[in-house]
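What follows is a short report on a single structure.
What follows is calculated from the coordinates using simple rules that are stated; it is not laboratory data. All figures in this text were calculated on a predicted structure; none of them were measured in a lab. Every residue, glycine as well, gets a Cβ built from its backbone with ideal geometry; the counts of neighbours run over all protein chains shown.
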Amino acid sequence: MSDELAMIPAAKPIIGDDERAAVDRVLQTGMIAQGPEVKTFEEEFASVLTPGREAIAVNSGTSALHLGLIAAGIGEGDEVIVPSFTFAATGNSVALAGATPVFADIEPNHFCLDPASVRAAVTERTRAIMPVHLYGHPAAMTELQAIADEFDLLIFEDAAQAHASKLDGTPVGTFGAFAAFSLYPTKNMTSAEGGMVTTPDQTLARRVRLLRNQGMEKQYENELVGFNARMTDVHAAIGRVQLGKVLGWTKQRQDNAAFLSANLTGVTVPAVAAGAEHVYHQYTIRVGSDGDGGAERDRIATALREEYKVGCGVYYPIPNHRLPSLAVFAPGLELPETERAAQQVISLPVHPSLTQGDLERIVEAVNAVAKAGA
Ligand SMILES: Cc1ncc(COP(=O)(O)O)c(C=O)c1O
């Protein structure tokens, strides 16, 4: 309740001397576009996070999704089942590939695709399911794979928020025909901007490599109509340093989350599914009651920020199927758990830069604000 308190930021990218030195090292070579640093980053990324998969670096997580879809042959007339409770890039990438995003509901405990809702959304045009490992919690891959097998569908993972997350010991990014990671600054590791496609399929990998570079393998012998979605060696240099730290940072996020879950009262703390390794890209609580239109959540979020200087975020306040940009794909659609989550979630700081004092301040603030509304 004090004006002198410093704001605890909701997220905090960690860029230090190692990243600066790596950038300088690449800049000094004079070769700064896509080159050997990107190639090494791809190999190291696969070896640390998605063993046995090919990794292809691109300029954003959105490009990773978009190019992955095109490389997998998804286009006009195809439907891809996606969650509505996610960042818009998931559905956008399907629409940009010329296909139709079909929105399914989430299950309430982990905020990821509900297999029953996915099954109900399958039509004869469905080609794929694109689960999002939201907030760093793995989606229900076993159940989703069973549906994919039954209807002969592909699985594409949106792993933008889930570096190093696992389900039953299997890393996310190794389940699907391809997976897409984001390396945006607030993600669990960053390359400033960037993305990574991972795939077990050499043909798909080659197509993504072509698509990111105007369709060229050999210069001026363009095989496909492609993009410029290349990652630069400068970005790869930052990514390589961060890759060396991401597992340690993940442990810190998990420890921070454990402290919050053990001490918060009056709110619903994140649940972790059996066999799931949650990497807490976001630590997301539920507050408020059904049918209040998000009023209680908004009261709590405002009080945390303004009175207690605890940064927090609402990811995501408007379900994708109701966004002005994507609603055209979902006339009249109702997704009750998605609507409920959009009105009840608040993500608290969980990043590795938090001190014990910060964590105690967050707990005190949330417990006081939640109690005040009870
Ligand atoms: C679930 C999800 N998918 C895709 C993306 C897109 O990644 P980028 O911002 O790197 O394009 C994001 C990034 O915010 C995301 O959270």
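For region 303-323, name all the residues that are more than 25 Å from the chain's Cα centre (by Cα) and either within 16 Å of the ligand (Cβ to nearest atom) or of a type outside the set (Asp, Glu) (or both).
Going residue by residue through region 303-323, those that are more than 25 Å from the chain's Cα centre (by Cα) are 303, 306-309.
The answer is 303, 308, 309.
With respect to residue 166, determine if the residue is more than 16 Å from the ligand (Cβ to nearest atom) and over 21 Å from residue 59 (Cα atoms).
yes
Identify, by number, the condition in (1) more than 30 Å from residue 358 (Cα to Cα); (2) in a strand (DSSP E or B) that residue 231 doesn't meet.
The number of the failed condition is (2).
In region 96-113, what residues are on the phi > 0 side of the Ramachandran plot and in contact (Cβ under 8 Å) with a residue 40 or more places away in the chain?
Restricting attention to region 96-113, the residues satisfying the condition of being on the phi > 0 side of the Ramachandran plot are 98, 111.
Once the filter is applied, which keeps residues that are on the phi > 0 side of the Ramachandran plot and in contact (Cβ under 8 Å) with a residue 40 or more places away in the chain, region 96-113 yields only 111.
Can you find, within region 173-196, the residue that is nearest to the ligand (Cβ to nearest atom) among those that are part of a loop (DSSP other than H, G, I, E, B) and under 11 Å from the mean Cα position of the chain (by Cα)?
184
For residues in region 208-222 being surrounded by 14 or more Cβ atoms within 10 Å (Cβ to Cβ) and not hydrophobic (A, V, I, L, M, F, W, C), which is farthest from the chain's Cα centre (by Cα)? Don't jump to the end; show me each part of the working.
To start, the set of residues in region 208-222 that are surrounded by 14 or more Cβ atoms within 10 Å (Cβ to Cβ) comprises 208-216, 222.
Imposing the further condition that a residue be not hydrophobic (A, V, I, L, M, F, W, C) reduces the set to 209, 212-215, 222.
Working: 209: 22, 212: 21, 213: 24, 214: 26, 215: 27, 222: 32 Å.
If we take residues in region 208-222 being surrounded by 14 or more Cβ atoms within 10 Å (Cβ to Cβ) and not hydrophobic (A, V, I, L, M, F, W, C), then 222 is farthest from the chain's Cα centre (by Cα).
So in region 202-244, with the set limited to residues that are touching a residue at least 12 places away in the same chain (Cβ under 8 Å) and acidic (Asp, Glu), which one is farthest from residue 71 (Cα to Cα)?
233
Taking strands (runs of 3 or more DSSP E) that fall entirely within region 45-110, which contain at least 1 residues that are more than 26 Å from residue 336 (Cβ to Cβ)?
54-58
Quick test of your reading of the structure: residue 228 fulfils all but one of (1) under 26 Å from residue 23 (Cα atoms); (2) surrounded by 17 or more Cβ atoms within 10 Å (Cβ to Cβ). Name the failing condition by number.
Answer for residue 228: the failing condition is (2).
Condition check: outside any strand (DSSP E or B) and crowded, with 23+ Cβ neighbours inside 10 Å. Does residue 144 satisfy that?
So residue 144 passes the test.
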